[in-house]
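Asks: Below is one structure. I have some questions about it.
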Protein chains: 2
Amino acid sequence: MSCPSRRLLDTIGDKWVGLTIAALDTDGRLRFSELAARIEGVSQKLTQTLRNLERDGLVARTVTPSVPVRVDYELTPLGESLLEPICRLKEWAEAHMAEVDAARAEYDRRRG
Amino acid sequence: MSCPSRRLLDTIGDKWVGLTIAALDTDGRLRFSELAARIEGVSQKLTQTLRNLERDGLVARTVTPSVPVRVDYELTPLGESLLEPICRLKEWAEAHMAEVDAARAEYDRRRG
DNA sequence: CTGAATCCACGGCGATACTG
DNA sequence: CAGTATCGCCGTGGATTCAG
């Protein structure tokens, strides 16, 4: 398998990837702790999320060797280019998820 | 949480949803066995995938009470409206996943 | 402050066997 | 032909703990 679409969905389907990218899009460059504060409930999974995004070239990691150490994250150009298709998905969700909910309620009403 | 975007990603992030929708988009109305033949390796999970899509109002199920029984599936207008944002995602994947692969290779080369 | 490593529980996936 | 029911496994998410 491993078609490009499937792999992309595996990436952005990750529970925290969407929120992380959205935070970096809204606020630009952010420190680790700033990201953690903006994404409620992310706990320590944020580290792995950022590693994956960094590995995929979507997020850039900058270490400032001060004391204590400071680490910033920001979207790469490749990461920014992903915003547009994701935004389309978000628009569809906000426009149509109410219909999905209605369909679900109707389906569940008929069955059990 | 349960923001619309997250729920949509949970739906289309499902392993077989993308391929199922793509098959129904390409070929229109299809029988269960035709779908199963077009989606390699789907096994019996196709049933659950179709149930979920039907429940969400994205796919319509039509039963023809013949002998043996015949069941057809097709995209609803709501399901068809989802094609456009998904297509954007697919286009991004085909255009940029090679860059992601390159970034991964570079990352893995530097680390271990 | 940042992040690595580990443990655990849950849910999804795939396979198998059986029904109308 | 078109499902339904069930089961073991594995991966993932979450929390906790330890380290630079």
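Asks: As an exercise, use a Förster radius of 35 Å and the Cβ-Cβ distance of B:Val71 and B:Ala98 to find the FRET efficiency, rounded to the nearest 0.05.
Replies: Calculated value: 0.30.
Asks: Would you mind ranking B:Val67, A:Val71, B:Val59 by Cβ crowding within 10 Å, fewest neighbours first?
Replies: By the 10 Å Cβ count, ascending: B:Val67, A:Val71, B:Val59.
Asks: Ok, one more. Where the label is 7 Å out from Cα toward Cβ, how close does B:Glu84 come to the same position in every other copy, in nm, shortest first?
Replies: Those label-point separations list as 1.6 nm.
Asks: Now for a separate question. In what sequence do A:Asp108, B:Asp10, A:Asp56 fall when counting other Cβ within 10 Å, fewest first?
Replies: Starting with the residue having the fewest Cβ neighbours, the order is A:Asp108, B:Asp10, A:Asp56.
Asks: Here's a follow-up. Smallest Cβ-to-axis distance in chain A, for the rotation taking A to B: which residue, how many Å?
Replies: Residue and rounded Å distance to the axis: A:Gly13, 2.
Asks: Multiply the residue separation of B:Ser2 and B:Glu106 by 0.36 nm, subtract the distance between their alpha-carbon atoms, and state the gained length in nm to one decimal.
Replies: Between B:Ser2 and B:Glu106, full extension yields an extra 33.9 nm.
Asks: How big is the shadow of the Cα convex hull of the stretch B:9-81, averaged over all directions, in nm²?
Replies: It is 4.8 nm².
Asks: Place the label 7 angstrom along Cα→C-beta at A:Arg111 and in each other copy, then list the distances from the first to the rest in nm, shortest first.
Replies: Result for A:Arg111, in nm, nearest copy first: 4.1.
Asks: Still on this structure: With +1 on the Cβ of every Lys and Arg and -1 on the Cβ of every Asp and Glu, and nothing else charged, how large is the dipole of chain A about its Cα centre, in debye rounded to the nearest 20?
Replies: 440
Asks: Given label points at 7 Å from Cα along Cα→Cβ, what nm distances, shortest first, separate B:Arg51 from the same residue in every other copy?
Replies: 3.7
Asks: How many Cβ atoms of partner chains, on average, are near each residue of B:74-86 if near means within 10 Å of its Cβ?
Replies: 3
Asks: Using just the alpha carbons, could you tell me how many Å³ per residue the convex hull of the protein assembly as shown encloses?
Replies: Taking the convex hull of the Cα positions in the protein assembly as shown, it is 146 Å³ per residue.
Asks: First measure r as the distance between the Cβ atoms of A:Arg61 and A:Asp10, then evaluate 1/(1 + (r/R0)^6) with R0 = 25 Å and state the FRET efficiency to the nearest 0.05.
Replies: That pair, A:Arg61 with A:Asp10, gives E of 0.70.
Asks: Cross-link partners among aspartates and glutamates for B:Lys45, C-alpha distance below 13 Å, same-chain residues fewer than 8 apart left out?
Replies: Output for B:Lys45: B:Asp14.
Asks: To continue, here is another question. Evaluate the relative contact order of chain B (contact order divided by residue number), counting alpha-carbon pairs under 8 angstrom at least 6 apart; express in whole percent.
Replies: 21
None of the figures in this text is laboratory data; all of them are computed from the coordinates on show. Being a predicted model, the structure only gives us computed values, none of them experimental. A quick note on method: Cβ atoms are made from the backbone with ideal geometry, for glycine too, and the neighbour counts reach across all protein chains shown.
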